[in-house]
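Notes for the one structure printed next.
Computed from the coordinates by the stated procedures, all read-outs in this text should not be read as laboratory data. These figures come from a predicted structure and were not determined experimentally. Counting neighbours? That spans all protein chains shown, and the Cβs are built from the backbone with ideal geometry, glycine included.
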Amino acid sequence: MSGLTMSGWRLCSTHVAHPPLPGRAIPGRSVDAILASRGGDVRARLCELAAAIPLKRLADPAEVARCVRFLASEEASYVTGANLPVDGGNAATAGPYP
């Protein structure tokens, strides 16, 4: 799914019984993965991580879940093939966490 272009989705959707998925939420890297790669004091690393994100805080899992719930809902019935970054502005500002 992640490698298809919009034209690829259109082509696939004309030949399959199910319509294309509305999109996908793209959360930032997990805190565990970032902390594991750096080691050291966990509290200090969390503060460092939050300071580098444009919103200056870490996401609450419920915030990510609400975005996923929206994409799966009827409210997103006209959304197809969209990527929704849920990363506190990190991707939009070319932040330090890929």
Checklist entry - So how do 76-86, 55-65 stack up, highest first, on mean other-Cβ count within 10 Å? => result 76-86, 55-65
Next on the checklist: Let's see if you can work this out: charge +1 on each Lys and Arg Cβ, -1 on each Asp and Glu Cβ, no other charges. What is the dipole magnitude of the stretch 36-98 about its Cα centre, in debye to the nearest 20?
Outcome noted: 240
